[in-house]
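Note sheet for the following structure.
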Amino acid sequence: MDVTLHRTRGEFAPVARSVYLPDPVTFTVELTTLRMPLSDDGRLMVSVTDGVTVGAAVALADGALLTSGLPPTSVTDVAGALTGAKSRLPSVRGIRDSATPFAAAWSDVTGMNAELTDVEPLYRLGALAAPAGVPGESRLAVGREVDLLVEWLDAFFVEAFGAPSDHDARRAYLHQIAAADSDIVLWTVGGTPVSMARVHAPLAGVSRIGPVFTPAGRRGHGYAAAVTTAGARHAHARGADEVVLFADAANQGANRVYRRIGFVAVDEHVHYAFG
């Protein structure tokens, strides 16, 4: 198979249309990262051809390579091409059928260890079932709530990913959310925000929800279910035909919440870190 490294999103666009657009649910992360207004300098964008385009991979802003678009039969060729180009990969993420063999191939050609760090079911919304009896109402976040959102996002990244606290990075993340035309939906009680959900702008008919966060002192009241339901309704109001989200497989409480309000697991993504 032939492996090509692309320099710009414009050059990569026909590949993305061929590989990603036919299945925007499976490739929700790839499509949304390509929409982000970030520099292409140093970003990995890879296509695989065998007479015709048969696969693709693209890196997130943090360098993690999204491998769901790679056929398992191509991973050795792709790993070899990337090492030949002296590419550095901190991690890979994708459906098991692609990410696991790619991680093994990368370990073989680089000698690096691949550690499974996260497992995330991908959920697609079926019939929405709003939770009953949750007090409060939803609304969009407003500018004066930036400091609150920075605190909540920082707590989310620390808790969910073990990231170091970094308010400047979370403030930059908020700017990225706005630049990507995403919204933050809040659940409020008595006018006070108690939970939040980011809602990505629809792309190819699909909108993704996440992160969803409720501060520790506010948990156990149904607010996460309520704000996720409100986020799904907002996504539909913006024109989304499908609504998806990822959950941490280890967080059984969150998974139960999403299933209870109508989300159905359709795939599973795994993350491997190299070291």
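The values are calculated or read from the model by the stated rules, or taken from the named source; none is laboratory data. Quick caveat, the model's predicted, so the values are computed rather than measured. Using ideal geometry, Cβ is built from the backbone for each residue, glycine included, and neighbour counts are taken over all protein chains shown.
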Open item on the list: Can you list residue pairs whose Cβ atoms sit under 6 Å apart, with the first residue in segment 256-275 being in contact (Cβ under 8 Å) with a residue 40 or more places away in the chain and the second being aromatic (Phe, Trp, Tyr)? Count only pairs 6 or more apart in sequence or on different chains.
Closed with: TYR258/TYR123; PHE263/TYR123; ALA265/TYR123
- [ ] Could you please tell me which pairs satisfy a Cβ distance under 8 Å, a separation of 6+ or placement on different chains, a first residue in segment 224-239 that is over 15 Å from LEU140 (Cβ atoms), and a second residue that is in a helix (DSSP H, G or I) and among the charged types (D, E, K, R)?
- [x] ALA225/ARG260
Task: The lone exception for SER195 - which of (1) of a type in the set (S, T, N, Q); (2) more than 24 Å from ARG259 (Cβ to Cβ); (3) at pLDDT 95 or above it fails - done: (2)
- [ ] Look through segment 17-32, keep the residues that are without any contact (Cβ under 8 Å) to a residue 40 or more places away in the chain and either in a loop (DSSP other than H, G, I, E, B) or β-branched (Val, Ile, Thr) (or both), and return whichever of them is surrounded by the most Cβ atoms within 10 Å (Cβ to Cβ).
- [x] ASP23
Open item on the list: Is it the case, given these coordinates, that VAL212 is under 23 Å from the mean Cα position of the chain (by Cα) and either within 19 Å of PRO37 (Cβ to Cβ) or touching a residue at least 12 places away in the same chain (Cβ under 8 Å) (or both)?
Closed with: yes
Open item on the list: Of everything in segment 33-73, what is assigned to a helix (DSSP H, G or I) and touching a Lys or Arg at 6+ places or on another chain (Cβ under 8 Å)? Give them in sequence order.
Closed with: LEU34
Task: In segment 96-118, residue surrounded by the fewest Cβ atoms within 10 Å (Cβ to Cβ) [restricted to those that are among the hydroxyl-bearing types (Ser, Thr, Tyr) and touching a strand residue (DSSP E or B) at 6+ places or on another chain (Cβ under 7 Å)] - done: THR117
- [ ] Could you tell me which of the residues THR67, THR49, THR76 is touching a helix residue (DSSP H, G or I) at 6+ places or on another chain (Cβ under 6 Å), assigned by TED's automatic domain parsing to the domain that holds VAL25 and surrounded by fewer than 21 Cβ atoms within 10 Å (Cβ to Cβ)?
- [x] THR76
TODO: Specify the residue that is surrounded by the most Cβ atoms within 10 Å (Cβ to Cβ); the eligible residues are those in segment 256-269 that are in contact with a Leu (Cβ under 9 Å, 6 or more places away or on another chain) and more than 16 Å from ALA160 (Cβ to Cβ).
DONE: PHE263
Task: Subset tally (residues that are surrounded by 14 or more Cβ atoms within 10 Å (Cβ to Cβ), touching a residue at least 40 places away in the same chain (Cβ under 8 Å) and among the acidic types (Asp, Glu)) for segment 119-171 - done: 2
- [ ] Test PRO135 against the stated conditions and say whether it is farther than 26 Å from VAL266 by Cα and touching a strand residue (DSSP E or B) at 6+ places or on another chain (Cβ under 6 Å).
- [x] yes
TODO: Those residues that are surrounded by fewer than 20 Cβ atoms within 10 Å (Cβ to Cβ), in contact (Cβ under 8 Å) with a residue 24 or more places away in the chain and closer than 27 Å to ALA240 by Cα, I need them from segment 1-13; list them, please.
DONE: ARG9
